[in-house]
Amino acid sequence: MHLTNFNELKQSLQTTIFKLKKAQSKILSKTLKYLKLSMFKKVAFGLSDAADDLRTFYKACENAPILDSFQSEPSFSEVLKDLDQQLFNYESKVAEFDDLIKSFEN
């Protein structure tokens with residue numbers, strides 16, 4: 001009996017998530033359509049308004065460059081090697097950190 005309730009709950013959650021994603025997609029689509037339409041309605045040298053500011057922000061985010069750190073990921077062995085080096089550095093400077101904390105206390 002519990003398994004049936006769990007399956008029903010799981011199905012209900014999946015349906016709800018699907019509906020939310022569909023609604024989110026519609027909202028995003030309508031927002032983009034509005035932004036595209038408002039782009040053509042803008043008068044040259046006109047005053048800035050909220051829609052214009054939102055469009056500018058959206059374009060800046062959409063066209064943001066990819067960070068170098070996301071273009072190449074280090075291998076697992078490189079991560080472990082780097083982690084070992086970081087731990088060694090931290091352990092070698094424990095006395096300095098303790099002195100720093102003591103200086104804040106005074």
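Looking at ALA23, ALA64, ALA60, ALA95 in this structure, which one is outside any helix (DSSP H, G or I), modelled with pLDDT of 75 or more and hydrophobic (A, V, I, L, M, F, W, C)?
ALA64
Could you run through the stretch 51-85 and say how many residues are surrounded by fewer than 10 Cβ atoms within 10 Å (Cβ to Cβ) and more than 30 Å from TYR34 (Cβ to Cβ)?
9
The values are calculated or read from the model by the stated rules, or taken from the named source; none is laboratory data. Small disclaimer: the values here were computed from a predicted structure and weren't measured. Please note: Cβ atoms are built from the backbone with ideal geometry, for glycine as well, and neighbour counts cover all protein chains shown.
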